[in-house]
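Just below is one structure, and these are the notes that go with it.
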Amino acid sequence: MTTVDLPLLPLGPGRDLSAERGVECPGDLPPASDPGLVARARAAKEALGDRVFVLGHHYQRDEVIEFADVTGDSFKLAKDAAARPQAEYIVFCGVHFMAESADILTGAAQQVVLPDLAAGCSMADMARLAQVEDAWEALAEAGVADAVVPITYMNSSADIKAFCGRHGGAVCTSSNAEVALEWAYEQLPDVEGGAKVLFLPDQHLGRNTAVLQLGLSLDDCVVWDPRQPNGGLTAEQLRDAKMILWKGHCSVHGRFSAEVVDELRATIPGVQVLVHPECTHEVVTRADLVGSTEFIIKTIEAAPAGSSWAIGTELNLVKRLAAAHPDKRIVFLDKTVCYCSTMNRIDLPHLVWALESLVAGTVVNRIEVDPETERWAKLALQRMLDLPGRSSRD
Ligand code: SF4
């Protein structure tokens, strides 16, 4: 077995030679107290004109969203970037794996910039390539690898997407996980007992989709723990499983609890609970509606005035929805403040620094996926794009 390093990298200043994350800005970062930051960001964007396209993920701070040309979830933003070939620079206000996907889907002449390289994703970091390759080897030793189709959530690094591409698998998003799993189970029709899925890296999205949308039982699912020998599973458990879930989770969506759902139902009459499928199975089974970030936004937009909602997703988005819909009661599904700390790394000083550097002719914090990884990751993404239709929870 290969020894792997600790997947979670420290944030903040410092140098991590084995990764781009956790490094200092090589330049002059304006102080957050600078009263001219808004004017500086505006001037830099104006100077760059159509040469720059700024993408803002829904979980970004308001101060950054203000300068986004488009907002959306990671997949929509990567597609928006690909539809803008005239933009030389794509400034991605989001996290590392999103900027990688944008680099994969955009043209060779387009350069993708992540304003703060410390903006990683703790979930994506929970599945490292060496760990996944070790798991695949163990599946082969247990005699099941030939029956396994790997599916990775969009929230994974480019090399994990490439792994799936190389092994006959695909990428999925939270809106099309159901069709992606259906597709996966239709592969390998000649395998005795049918295909199995290795789902990376979010166990909750995998379990919720398999059980609630495909009708599998909880007993059909096993959890592969990369820190345990053989994933903590016996060969028999692997042979019996239909769904092998990687032990990863989102540190934001994993915080919502069934107790708070029950408390809010008791205190807010008629409240409807709307959550993201990255939440735990316990929370999702107690919710009224479950869906992607785009689904959550559309549901609130279509909701009648006077309705009450408890929303289980990142706090920046919930606060923006509450501000945009004062005619509806919108509360956050957690008692404590719960931002995505890595998404929040992208602030106005970093955006100003990235834009002004581009104006000065210097591309900072470029995210570039190597050609071999890009080739296989693109194949896994293409298999997703070729999936029939889209989920009703789009
Ligand atoms: S919200 Fe969760 S999945 Fe999204 S970037 Fe933050 S840690 Fe990653």
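If eta is 0.890 mPa s and T is 25 °C, what Stokes-Einstein diffusion coefficient results for the stretch 24-99, Kirkwood Rh from Cα pairs, in µm²/s? Please report the intermediate quantities before stating the final value.
On the way: Rh = 13.3 Å.
Once the numbers are plugged in, D ends up at 184 µm²/s.
On the principal axes of its Cα set, how long, how wide and how thick is the stretch 124-250? Give whole Å, largest value first.
33, 29, 26
TRP309's amide H: which non-local residues (gap 5+, or another chain) put their own amide H closer than 5 Å, with H modeled 1.01 Å from N in plane and none for Pro or chain starts?
Placed amide hydrogens put GLN272, ARG329, ILE330, VAL331 under 5 Å from TRP309.
Report, by chain and number, residues whose modeled amide H sits under 5 Å from the one on LEU29, excluding near sequence neighbours (fewer than 5 apart, same chain).
Those qualifying (amide H under 5 Å, at least 5 residues apart or on another chain) number zero.
Do the sum for the chain: with -39,500 (n - 2.57) for every DSSP H run of n ≥ 4, divided by all residues, what is the mean residue ellipticity at 222 nm, to the nearest 500 deg cm²/dmol?
Numbers: 15 runs with 142 residues, N = 394.
Taken over the chain, the calculation gives -10500 deg cm²/dmol.
How large is ³J(HN,Hα), in whole Hz, for each residue of the stretch 95-102 in order, when computed from phi with the Karplus curve 6.51 cos²θ - 1.76 cosθ + 1.60 and θ = phi - 60°, using x for Gly and Pro?
Each residue of the stretch 95-102 in turn: 10, 3, 5, 5, 5, 4, 4, 5 Hz.
What ³J(HN,Hα) values, in whole Hz, does the Karplus curve 6.51 cos²θ - 1.76 cosθ + 1.60 give for the stretch 341-347 when θ = phi - 60°, with x put for Gly and Pro?
Each residue of the stretch 341-347 in turn: 5, 6, 4, 6, 4, 7, 10 Hz.
Can you give me the three principal axis dimensions of the chain from its C-alpha atoms, in Å, biggest first?
64, 54, 38
Here are some pairs, LYS247/LYS328; LYS161/LYS298; LYS76/LYS247; LYS247/LYS335; LYS79/LYS319; which of them have Cα atoms lying more than 30 Å apart in this structure?
Numbers: LYS247/LYS328 37 Å; LYS161/LYS298 28 Å; LYS76/LYS247 26 Å; LYS247/LYS335 26 Å; LYS79/LYS319 26 Å.
Where the Cα-Cα span goes over 30 Å, the pairs concerned are LYS247/LYS328.
Kirkwood Rh over alpha-carbon pairs of the stretch 266-394, then Stokes-Einstein at 4 °C and 1.567 mPa s: what D in µm² s⁻¹, rounded to an integer?
Details: Rh = 18.0 Å.
The Stokes-Einstein estimate is 72 µm²/s.
Kindly rank 235-246, 147-158, 79-90 from highest to lowest mean number of other beta carbons found within 10 Å of each residue. Let's see the in-between values first.
Numbers: 235-246: 19.3, 147-158: 25.8, 79-90: 17.6.
Answer by packing, highest mean first, reads 147-158, 235-246, 79-90.
If you build a Gaussian network model of the chain, linking Cα atoms that sit under 10 Å apart, which residue out of VAL261, VAL359, VAL113 swings the most?
Its mean-square fluctuation being the largest, the pick is VAL359.
Can you list residues from other chains, or at least 5 along the same chain, whose modelled amide H is less than 5 Å from the amide H of VAL70?
Amide H neighbours of VAL70, under 5 Å, 5+ apart: VAL54, GLY56.
Taking only the C-alpha atoms, wrap a convex hull around the stretch 253-332 and report its volume per residue in Å³ as a whole number.
Working: hull volume 6.1 nm³, N = 80.
Taking only Cα atoms, the stretch 253-332 has a hull volume of 76 Å³ per residue.
Could you go through the stretch 276-289 in sequence order and give the Karplus-derived ³J(HN,Hα) for each residue, using 6.51 cos²θ - 1.76 cosθ + 1.60 with θ = phi - 60°, rounded to whole Hz, and x for Gly and Pro?
8, x, 7, 6, 5, 4, 4, 6, 4, 6, 8, 7, 7, 9
Less than 10 Å Cβ to Cβ from ALA32, Lys/Arg counted +1 and Asp/Glu -1: what total charge do the surrounding residues give?
On the way: positive: none; negative: ASP34, GLU63, ASP347.
Once all neighbours under 10 Å are counted, the net charge is -3.
Values quoted throughout were computed directly from the atomic coordinates according to the rules given, and no laboratory measurement underlies them. Everything numeric in this text was worked out from a predicted model, so none of it was measured. So basically every Cβ, Gly included, is an ideal-geometry build from the backbone, and we count neighbours across all protein chains shown.
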